[in-house]
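Data first, discussion second: the structure below is written as structure tokens.
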Amino acid sequence: MNTRGAMINSEQKNIIDLVSAQVRTRFETDGSGHDFEHVQRVFNTAVHIATDENADVFIVSLAALVHDLGDYKLSADGKENHRDAISAVLLNCGVSADDCHQVIDIVEKVSFKGNAVLDAPMTTEGKCVRDADRLDAMGAIGVARAFAYGALKKRKMFDPDSKPAVHNSFDAYQKNEGHTINHFYEKLLLLKDRMETASGRAMAEDRHQFMLHFLDQFSGEWSGLK
Ligand code: ADP
Ligand code: NI
């Protein structure tokens, strides 16, 4: 099904609703900032970007909805398993094997893999989803999600003796257990310059400035100067 540059039809709308309902049941109880509301925000932003980019809205919608299924951060064994988790949901909801394949290919490349690791090349649809997911890691919501995730993983908020690290591989990035302020320097502040769509780049500006302001205020309060 190619819905590039077109509105979705009623059959596609039904499939999206079915997938959305299944994803909702999986993420309802998450406390790490990867709850269903994160999925909904990524969905809304990705569809908005997709319209501007003239991308296939059906593929973008599906990929946004399932982008955290099988994610290593949320699995009990810490292993990534997008392929099985996503095909189980999509094929069950009536998505074709070809569309399912396109969605899995996008999701496998969405996650940030380390500050010294280049992002894998994406299709236009993939760029919309990756930018939308990254926008939700920035700004006020990004700050809130970072501390929610850090608390769940029992990370310190800040430790002035522990400096940000360079991660040359996905493995090194995954194994990192540093404090949450370091996460801003190791990932969140780098996202603005990794945006790949015009609307993503525009939205990232304010969110980036907000994080800089937050870090400045945090540092002032930490040292008792503000
Ligand atoms: P990605 O797939 O790129 O990791 P996600 O949407 O799955 O994106 O999750 C990213 C969010 O998880 C981060 O923006 C942050 O809120 C949280 N997170 C991940 N790793 C850390 C960390 N080491 N410290 C604090 N928050 C983290
Ligand atoms: Ni996400």
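Considering the conditions (1) in a helix (DSSP H, G or I); (2) open to solvent by 10 Å² or more (accessible area, probe 1.4 Å); (3) away from ligand 1 (no atom under 12 Å from the Cβ), MET7 is excluded by exactly one of them, (1). Considering the range 163-181, the residues that are touching a residue at least 24 places away in the same chain (Cβ under 8 Å), part of a helix (DSSP H, G or I) and open to solvent by 20 Å² or more (accessible area, probe 1.4 Å) include one that is nearest to VAL129 (Cα to Cα), namely PHE170.
Return yes when GLU11 is at pLDDT 95 or above and not aliphatic (A, V, I, L, M) and no when it is not. For GLU11, the condition - at pLDDT 95 or above and not aliphatic (A, V, I, L, M) - is met. Restricting attention to the range 179-213, the residues that are aromatic (Phe, Trp, Tyr) and in contact with a Phe, Trp or Tyr (Cβ under 9 Å, 6 or more places away or on another chain) add up to 1. When residues in the range 101-142 are screened for being β-branched (Val, Ile, Thr) and either under 11 Å from the mean Cα position of the chain (by Cα) or closer than 16 Å to ASP35 by Cβ (or both), 4 of them pass.
Taken as a whole, the range 192-209 holds at least one residue that is open to solvent by 40 Å² or more (accessible area, probe 1.4 Å), polar (S, T, N, Q) and either within 27 Å of ALA132 (Cβ to Cβ) or not in a helix (DSSP H, G or I) (or both).
Helices (runs of 4 or more DSSP H) fully within the range 20-137 that include at least 3 residues being touching a residue at least 60 places away in the same chain (Cβ under 8 Å) and surrounded by 20 or more Cβ atoms within 10 Å (Cβ to Cβ): 36-53, 57-66, 124-135. The residues in the range 84-100 that are away from ligand 1 (no atom under 16 Å from the Cβ) and either within 20 Å of the chain's Cα centre (by Cα) or at positive phi (or both) can be counted, and the count is 6. Of all residues in the range 182-224, those that are more than 18 Å from ALA144 (Cβ to Cβ), over 17 Å from the mean Cα position of the chain (by Cα) and without any contact (Cβ under 8 Å) to a residue 12 or more places away in the chain total 5. Restricting the search to the range 145-159, which residues are open to solvent by less than 60 Å² (accessible area, probe 1.4 Å) and touching a residue at least 60 places away in the same chain (Cβ under 8 Å)? ARG145, ALA146, ALA148, TYR149, PHE158, listed by residue number. Reported count of residues in the range 82-110, each being modelled with pLDDT of 95 or more and within 30 Å of ASN168 (Cα to Cα), is 11.
The values are calculated or read from the model by the stated rules, or taken from the named source; none is laboratory data. Note that this is a predicted model, so its numbers are computed, not measured. In this analysis, Cβ positions are derived from the backbone assuming ideal geometry, glycine residues included, and neighbour counts consider all displayed protein chains. With ligands, DNA and RNA removed, areas are computed over all heavy atoms of the protein, side chains included. Shrake-Rupley method; radii C 1.70, N 1.55, O 1.52, S 1.80 Å.
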